[in-house]
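All remarks here apply to the structure that follows.
The values are calculated or read from the model by the stated rules, or taken from the named source; none is laboratory data. Note that the coordinates shown come from a computational prediction; the quantities given were computed from them, not determined experimentally. Cβ coordinates were reconstructed from backbone atoms using ideal geometry, including for glycine residues, and neighbour counts include every protein chain displayed.
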Amino acid sequence: MITKPVVYVVDDDPAIIRLLEELVKALGLNVEAYQSAEEFLEAYQASGPGCLVLDVRVPGMSGMELQKQLTAAGSSLPIVFITGHADVRMGVEAMERGAFGFLEKPFRPQELCDKIQSAVRLDAETWRRREEQEIAAGRLAQLTPAERKVAARVITGKTNKMIDQELGLSTRTIEAHRARLMQRLGIRSRTELVRLMAPALSMRWTSSTLTAWARAATSASQWASPNWSKRSSKSSGTGCG
């Protein structure tokens, strides 16, 4: 189940932190504030959708370096930079590395709110797709290797006769595998099978990818979530609902 979005704030100015906490709470979102990049990294665990509002220049590790570390770790967390020391090169570099936004202080509160809401919607969709993949992977894990081979061909529209020619099995055997896989997955038609596989139809499907994907079911949540250190207790706020 996808949790309520969290907006993470990293800024060393207490006045800015208070302002951002108020803005985020007014949007009905949870907020967690940190005064350094190191403090954020120590606490952060990717457990649901959100976004990071990040000052470019904070004591210790800079905001730009934090972005590099998150990107290298495979994080999908959208980043909205805020800075009082912007230049064109810095902004271009941040956006090229995947920043969701880059705002100069003093920023307009509504502009920042719009960016936060857009970033959270984007990340929520990313988490929704990931959850669908995990569910589909878990259901695929119920299939035998032979059933996966048949399923990989059924979703491409191949008939039982075409499949038996490819696999060197009798049509009756293919029909039996097809019936069993439908039963295991709780579906009745090819259309339902395709719908079940929809989250991953952009992949190049083969029996080997089906097998690999199914084996990844138990660790699917790690695909876009870095292995962060143990979460510690930090300053937090609760959305107003």
Next item on the list: Looking only at the range 110-150, count how many residues are in a helix (DSSP H, G or I), within 28 Å of Arg178 (Cβ to Cβ) and at pLDDT below 90.
Entry: 12
Check: Quick one: which of Pro59, Pro49 is in contact with an Asp or Glu (Cβ under 8 Å, 6 or more places away or on another chain) and under 20 Å from Pro5 (Cα atoms)?
Finding: Pro49
Notebook entry, point to check: Within the group Arg153, Arg184, Arg188, which residue is surrounded by fewer than 17 Cβ atoms within 10 Å (Cβ to Cβ), assigned to a helix (DSSP H, G or I) and either of a type in the set (Asp, Glu) or modelled with pLDDT under 95 (or both)?
Noted result: Arg184
Next item on the list: Return the residue satisfying two criteria in turn: it lies in the range 77-103 and is among the charged types (D, E, K, R) and more than 24 Å from Leu41 (Cα to Cα), and of such residues it is modelled with the lowest pLDDT.
Entry: Asp87
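Out of Ala94, Ala136, report the one residue that is out of contact with any Lys or Arg (no Cβ under 7 Å at 6 or more places or on another chain), more than 20 Å from Pro5 (Cα to Cα) and not assigned by TED's automatic domain parsing to the domain that holds Glu22.
Values: Ala94 fails: not assigned by TED's automatic domain parsing to the domain that holds Glu22.
Of the residues listed, the single one that is out of contact with any Lys or Arg (no Cβ under 7 Å at 6 or more places or on another chain), more than 20 Å from Pro5 (Cα to Cα) and not assigned by TED's automatic domain parsing to the domain that holds Glu22 is Ala136.
So, in the range 72-85, how many residues would count as being assigned to a strand (DSSP E or B) and hydroxyl-bearing (Ser, Thr, Tyr)? Quick ask: steps written out before the conclusion?
The initial filter retains those residues of the range 72-85 that are assigned to a strand (DSSP E or B), namely 79-83.
Now restrict to residues that are hydroxyl-bearing (Ser, Thr, Tyr): 83.
Number of matching residues: 1.
Quick check: is even one residue across the range 57-75 basic (Lys, Arg) and either over 19 Å from the mean Cα position of the chain (by Cα) or surrounded by 15 or more Cβ atoms within 10 Å (Cβ to Cβ) (or both)? Before the answer, list the steps.
Here is the first cut: in the range 57-75, the residues basic (Lys, Arg) are 57, 68.
Narrowing the set further to residues that are either over 19 Å from the mean Cα position of the chain (by Cα) or surrounded by 15 or more Cβ atoms within 10 Å (Cβ to Cβ) (or both) leaves 57.
Yes; the residues of the range 57-75 include at least one that is basic (Lys, Arg) and either over 19 Å from the mean Cα position of the chain (by Cα) or surrounded by 15 or more Cβ atoms within 10 Å (Cβ to Cβ) (or both).
Would you confirm, using the coordinates I've provided, whether Phe107 is surrounded by 15 or more Cβ atoms within 10 Å (Cβ to Cβ) and in a helix (DSSP H, G or I)?
On the way: surrounded by 15 or more Cβ atoms within 10 Å (Cβ to Cβ): yes; in a helix (DSSP H, G or I): no.
In short, no.
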Notebook entry, point to check: Residue check, Ala99 against (1) crowded, with 18+ Cβ neighbours inside 10 Å; (2) in a helix (DSSP H, G or I), all met but one. Which one?
Noted result: (2)
